[in-house]
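Report on the structure given below.
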Amino acid sequence: MVNAPAEQKKLPSWWSGGSVVYQIYPASFKDDNGDGYGDLRGIINKLGHIKSLGVDAIWICPHYKSPRVDEGLYVDTDIHEPFGTREDCQELIDAVHAHGMKIMFDLVVNHCSDQHAWFKESRSSKTNPKRDWFYWKPPRMIDGVRHPPNNWRSCFGGSVWEWDEHTQEYYLHYFCPEQPDLNWENPETRQAIYNDAIRYWLDRGVDGFRIDTVNMYSKYLDFPDAKVVAPETLWQPAGDFFSNGPRLQEFLREMRKETFSKYDCFTIGELPNTPSLEKILSYISTDAEALDCTILFDLADLDHRGGQYPLMGRNWALSQFKALTAFAQQLAEPEHKAHALTYLENHDQARSVTRYASDAPEHRLTSSKLLATYLLTLSGSIIIYEGQEIGMINAPKDWDIDTEYLDVNTINTWREIKHDAKVQNDPSLLERGRAGIQLTARDHARTPMQWDGSENAGFSSNPDAKPWYRVMESYAEGLNVAAQEDDPNSTLNFYRQLVSLRKAHKDLFILGRFQLLDPGNDQTMLFTKTALDGSQVAFVALNFSAEKQPFELPIELTARQNQLLISTLGKSSESRELDAYEARVYLA
Ligand code: GLC
């Protein structure tokens, strides 16, 4: 089925009324062929489960052919072999549509694989026509010694520059050395990207993209040294130089004009290092004609990036969490002509129950419902990540970081932390690094999906297959789909109920105006959602603490007849005390 051609695109886009998107990490979702690794047929087999949540669309993390150093974030029109074939992929696209849902792919075009034909040609000689498709620089010579052109630390550790022996120059990589950055300055490169990575999939029926690191395309071409904040190491954090470069807007507009605008398509772009509302709107307001909405990072980063290493933990307060929510909800206000998007989990974020509430056995069910209530009452579009709908939690602390954590960012950062001279003189820093990884490493979101109570949580069709990641033991403690299916009180059924209520009260939950009521309170989060015409108001009361907390109904509610719409612990509408991690929603 081909995506709608431009001429027919007169109606509002499929996503513009706010959509709930279910995100899939294919390697860990469902293994159909029994090799211990998830695949596209596994997703096809589980579309019934996804549809039962009431979601509008699915987004699949990269399934493209790649050596998977960073788990497959590369440009390619081919499919990673263990995931299946191009035919499987087309079948998946069609099957999602047949289920009445939309399908989004991942677009990774800041960089590609060092095994991609483009880079192989580029590195073959200084005169190759594709030499300029990547960033190549001569060394900086200091006292006759070769050094990289600047001091930037790559997102995954080490220098952003990799020496190429063959052509005696460095190439740029913001992430792994195996992920060289594409040169967006070159119009020929941009056209090849539009063609191979975007139009190719839109023409096969894909309905949108999550766009990886979209604000990194335009570089500061003088590549200035970053400020030295960690003198004991060579490479300095340079996130501000990576993002929002001088030609970004121009590139995004061109990309949209030449590709997305010709299809009925949803674009969600990642905007790291972008705290300013004005800047965000310059990419996502409809006037900008660049992106449809954005994945922001400030809330996701709240509990880490507390030091030189991205995974070092830091303390946070609920008042900060609330302020960041209020900030992001502004994007939904009609005057901004933009679209808000909220997520608590994805393949780059550990499990939200562990991070923002409590995964203690006595609190995890209520905590998962608390966070579901928060998420699904916020305006705009929402992402639910696989496993979140059953309240999956982080790996237990006894998992060994050296052998059981597989993510390249965790491995590199842990190695750097262990070898840092400052850490060696201060063991408490090592413990802080360990605690940060246990709380926030991406690994926690990448373990196999927990389908049932059988061997390896039913992840693989072959009970003897060894899953590529260790399966969390929590599957045997009720955190699996089958166990929750028939339990009316389960997290899974709560998600279903909430998605349906969200749609039934669209004017409040999807389009309503957000107002935070108690900004300074670090135990509870209270907010209202008001229909834009003022006819209705919802009041959401969330207790993020393990103690009982009092609350009052706001005047907007007491002035009218009101009803208790949701109570995660079945409390009476009159009680004015929230139990540990309880959530309620009142309507008036
Ligand atoms: C994005 C992806 C992340 C990846 C990085 C580099 O942030 O979501 O998984 O490692 O970009 O492609």
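Percent relative contact order of region 117-172, based on C-alpha pairs within less than 8 angstrom and at least six residues apart?
On the way: 78 pairs, mean separation 18.0, N = 56.
Contact order relative to length: 32 percent.
Taking all protein chains as present, what is the carbon and sulfur share of the accessible area of region 117-172, in % to the nearest whole number, probe 1.4 Å? Could the numbers behind the result be given before it?
Details: 1380 of 2650 Å².
After summing per-atom areas, the C and S share lands at 52 percent.
Per DSSP H run of at least 4 residues, take -39500 (n - 2.57); add these up for the chain, divide by its residues and hand me the 222 nm value, nearest 500 deg cm²/dmol. Each step should come with its number before you reach the end.
Values: 19 runs with 155 residues, N = 588.
Taking each H run of at least 4 residues, the total per residue is -7000 deg cm²/dmol.
Quick one: what are the phi-derived ³J(HN,Hα) couplings along region 77-90, Karplus 6.51/-1.76/1.60 with θ = phi - 60°, whole Hz, x for glycine and proline?
8, 8, 9, 4, 3, x, 7, x, 10, 4, 5, 4, 5, 5
Quick one: which residues, 5+ away or cross-chain, put their amide H under 5 Å from the amide H of Ile58? H built at 1.01 Å from N.
Under 5 Å from the amide H of Ile58: Tyr22, Lys102, Ile103, Met104.
Short version: ³J(HN,Hα) in whole Hz for each residue of region 176-183, in order, from phi by Karplus 6.51 cos²θ - 1.76 cosθ + 1.60 (θ = phi - 60°), x for Gly and Pro, what are they?
6, x, 7, 10, x, 6, 6, 8
What's the extension gain from Ser572 to Asn493 if we count 0.36 nm per residue and subtract their Cα-Cα distance? Could you put the intermediate results ahead of the total?
On the way: separation 79, 0.36 × 79 = 28.44 nm, distance 2.08 nm.
Difference between extended and current length: 26.4 nm.
Which ³J(HN,Hα) values in Hz, rounded to whole numbers, follow from the phi angles of region 432-443 under the Karplus curve 6.51 cos²θ - 1.76 cosθ + 1.60, where θ = phi - 60° and Gly and Pro get x?
Rounded to whole hertz, the list is 5, x, 4, 5, x, 5, 4, 9, 10, 4, 5, 3.
Using a probe radius of 1.4 Å on heavy atoms only, what accessible surface per residue do you get for region 511-587? Whole Å² is fine.
Averaged over the residues of region 511-587, the accessible area is 45 Å².
Glu574 accessible area, nearest 10 Å², 1.4 Å probe?
Number for this one is 130 Å².
Using only the alpha carbons of region 511-587, what is the convex hull's orientation-averaged projected area in square nanometres?
Working: hull surface 19.5 nm².
Averaged projected area of region 511-587's Cα convex hull equals 4.9 nm².
Less than 23 Å apart at the alpha-carbon level, and either on another chain or at least 8 residues along: which lysines does that give for Lys51?
Of all the lysines, those that pass the test against Lys51 - Cα under 23 Å, at least 8 places apart if same chain - are Lys30, Lys102, Lys369, Lys503, Lys506.
Please compute the length gained on full extension between His363 and Asp143, using 0.36 nm multiplied by the number of residues separating them and subtracting their Cα-Cα distance.
Working: separation 220, 0.36 × 220 = 79.20 nm, distance 6.06 nm.
In short, 73.1 nm is gained.
What number comes out for the charge environment of Lys219, summing +1 per Lys or Arg and -1 per Asp or Glu over other residues with Cβ under 9 Å away? Write down the numbers at each step before the final one.
Values: positive: Arg247; negative: Asp181, Glu185.
Every neighbour counted, the sum reads -1.
Using amide H atoms built 1.01 Å from N in the peptide plane, name the residues 5+ places from Ser159, or on other chains, whose amide H lies under 5 Å from its own.
Ser154
If amide H atoms are built 1.01 Å from N in the plane of the peptide, which residues on other chains or at least 5 residues away come under 5 Å of the amide H of Tyr174?
Close amide H contacts, sequence-distant or interchain: Asp181.
Got the relative contact order for the chain handy, in percent, Cα pairs under 8 Å and 6 or more residues apart?
That works out to 14 percent.
Any idea what the dipole of the chain comes to, in debye rounded to 20, about its Cα centre with Lys/Arg Cβ at +1 and Asp/Glu Cβ at -1?
Values: 60 positive and 85 negative charges, 228 e Å.
For the chain, the charge dipole is close to 1100 debye.
What does the charge count around Tyr171 come to, taking other residues whose C-beta lies under 9 Å from its C-beta (Lys +1, Arg +1, Asp -1, Glu -1)? Don't jump to the answer; show the numbers that get you there.
Numbers: positive: Arg123, Lys137; negative: Asp114, Glu162, Asp164, Glu169, Asp181.
Overall, the nearby charge balance is -3.
Considering the dipole of the chain built from charges on the beta carbon (Lys and Arg +1, Asp and Glu -1) around the Cα centre, which of Ala57, Leu296, Ala98 is farthest to its positive end?
Value computed over the given set: Leu296.
Calculate the spin-label point distance for Leu430 paired with Arg247, positioning each point 7 Å from the Cα along the beta-carbon direction, and give it in nanometres.
Label at Arg247, label at Leu430, 4.7 nm between them.
The values are calculated or read from the model by the stated rules, or taken from the named source; none is laboratory data. All values derive from a computational prediction rather than experimental measurement. Here the Cβ is made from the backbone with ideal geometry for all residues, glycine too, and neighbour counts use every protein chain on show. Just the protein is used for accessible areas: all its heavy atoms, side chains included, with ligands, DNA and RNA removed. Shrake-Rupley method; radii C 1.70, N 1.55, O 1.52, S 1.80 Å.
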